[in-house]
Amino acid sequence: MIEGRPPYGAAPRRIPGRTAHGADRIGRVRVMQIAAVLFVLSALFTGLADNIALFVIFRIVGGLGVGFTSAIGPAYISEISPSSRRGFLTGFQQMAIALGIVASLVVNDSYLLGSGSAATVFWGGLETWRWMLMTTAVPGAVMLALTFALPESPRYLVMKGRRDEASKVLAEVVADAHPGRTIDQIASTLQGETQPKVSDLKGDVFGLKGVVWVGIGVALFQQVSGANVIMFYDSSLWKAVGFSESASMTIAVVRALLATAVTVLGMLIIDKVGRRAMLKVGSLIMAALLVVVAVCFSQSTMTADGGINLPGAWAVIMIIGAYGFFLTYCATWGVAMWVVIGEIFPNRIRAVSVALATAANWVGNFLVSTTFPPLRDSLGLTWTFALYAVMAVLGYWFIAKKLPETNGVELEDMKADI
C-alpha cells in the first residue's frame, strides 16, 4: 500500500481535447461489450458470406474483437482483483482460451461426425463449415449478456471522478475493508487528469518509459520460443513423422485438454511462487526440452514423399519433448505473461500500455507462425528448434535482469521507471 501520499479530496479535473486509449475514455466493460458485438457479427457474416471479400472483412472484424479482449482483459481483471489473488484471477483469461480451444475442437468434430465432411451440406441447406463459424456467435452472445452484470473497474471510476461507485465496487466486489483510503491512493497516481494519452508513455529509454519496454519484452518473449508452432503445426509435424491424419487430430485434442489442466496448475501456484520464479524456471525447462526436440530431429531422415522418418525411439522422445515444452509454456509463460502485463504498469498508463504490449505479443505470434515454414525448409527442423531454444534462454536472461517482482504489490505502487 502507498504511504505518505496526500489524498485527493475532489474529483480529478477533466482535460478536454486529449486523446486516450478507448478503455480510458468509455470504460473497460464497454470495450468488452463492443468486442462481444464484433464476435457475433464476425461469426454470422463469415458463416453466411457468399464471396471472399465479405468473408475476409468480417474475419478482420472478429480479429478486432480478439484484439480488444486480449488487451483489456488482463487490465480489467488486475484492477478488479485483490492483490493477494491477482495472479490466480488474471490467469482465468488464459484458462478461458484453453477451454475455448477444447470446446471448438469438440463442436467441430461433432459437426464432422454428423455430416461427414466440412464441405457437406448440413442443416438449412448450408455447408458444415458455415455452421462451424456461425456457432461461435453463441459464446459471443453469452459474453455480451454477462458483461451487463460486470462491475466497472474502480480505477477507471476514480479516473472519471465517480468515487461513490468506486467505493461500492471496492467494498462489495474486492472486499476492501478501507475503500476510501484505496480511492485516495488511486487518485494520487492519476496526477489530477482524467484522460491519459499515448504521450504519457514517453520516457528516457529509447523514447518510452522503462516499464513499457519491460512489458513489451515479456510479451514478445512469450511468443519467440515457438510455443505456437506446436499449437498451429502439431498435426502436420506428427504426420511428417509417420502418424496418420486421424491420430494427429487425436493428439491435437489431447494437447488441448492437457494445456487446460496445466494452465489451471499455473493459476494455482503463481501467487505462491511469484511471477519471476515461474517465468525463469519455465524458460530453463523449455530451453532444455527444445534442445531435446532438436537432437531428435537431427537423427531423422527424409522419406521419398517428403516426410520425415525418426528411427527407433526417437519419434516417441520427440513427442515427449515437444509436448513437455508446450505444456511447460502453458503452465508458466502462458499464464504469467498475461498476469505481468495486466499489473506491472502504473494506473495512469495501464490501459494503453497493456494494449501496446498485447500488440507486441500478436506481432510475435505472427512472426513465429509465418516464419516457421521457411525456417523449417531452409534451416531444417533441427536448427529451427535450436533457434527457439536460444530464444528461451534469452527470455530467462531478460526476466532475470529486467523484470521486477510484482507479486503482492499494490497496483498503486507500480513504478514507471524500472
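The values are calculated or read from the model by the stated rules, or taken from the named source; none is laboratory data. None of the values given here were measured: they were computed from a predicted structure. Every residue, glycine as well, gets a Cβ built from its backbone with ideal geometry; the counts of neighbours run over all protein chains shown.
Could you say whether any residue in segment 86-93 is over 23 Å from Ala256 (Cα atoms), under 14 Å from the mean Cα position of the chain (by Cα), modelled with pLDDT under 90 and assigned to a helix (DSSP H, G or I)? Break it down into steps so the answer makes sense when it comes.
From segment 86-93, those over 23 Å from Ala256 (Cα atoms) are 86; that's our starting set.
If we keep only those that are under 14 Å from the mean Cα position of the chain (by Cα) too, we end up with none.
No, segment 86-93 has no match at all.
Please work out which residue is surrounded by the fewest Cβ atoms within 10 Å (Cβ to Cβ), limiting yourself to segment 159-177 and to residues that are of a type outside the set (D, E, K, R) and in contact with a Leu (Cβ under 8 Å, 6 or more places away or on another chain). Steps first, answer last, please.
Of all residues in segment 159-177, those of a type outside the set (D, E, K, R) come to 159, 161, 166-167, 169-171, 173-175, 177.
Filter again for in contact with a Leu (Cβ under 8 Å, 6 or more places away or on another chain), leaving 159, 166, 169.
On the way: Met159: 26, Ala166: 26, Val169: 21.
Here the residue is Val169.
Looking at (1) at pLDDT below 85; (2) β-branched (Val, Ile, Thr); (3) not assigned by TED's automatic domain parsing to the domain that holds Tyr396, find the lone condition where Ile230 falls short.
If we test Ile230 against (1) at pLDDT below 85; (2) β-branched (Val, Ile, Thr); (3) not assigned by TED's automatic domain parsing to the domain that holds Tyr396, just (3) comes out false.
Restricting to segment 141-158, what's the tally of residues that are touching a residue at least 12 places away in the same chain (Cβ under 8 Å) and surrounded by fewer than 21 Cβ atoms within 10 Å (Cβ to Cβ)?
8
Do we find that Gly27 is on the phi > 0 side of the Ramachandran plot, surrounded by fewer than 22 Cβ atoms within 10 Å (Cβ to Cβ) and modelled with pLDDT of 75 or more in this structure? Talk me through it step by step, then tell me what you get.
Values: on the phi > 0 side of the Ramachandran plot: yes; surrounded by fewer than 22 Cβ atoms within 10 Å (Cβ to Cβ): yes; modelled with pLDDT of 75 or more: yes.
Yes.
Which of the helices (runs of 4 or more DSSP H) found entirely inside segment 109-212 contain at least 2 residues meeting this: on the phi < 0 side of the Ramachandran plot, at pLDDT 75 or above and not assigned by TED's automatic domain parsing to the domain that holds Ser81?
154-159, 163-172, 179-188
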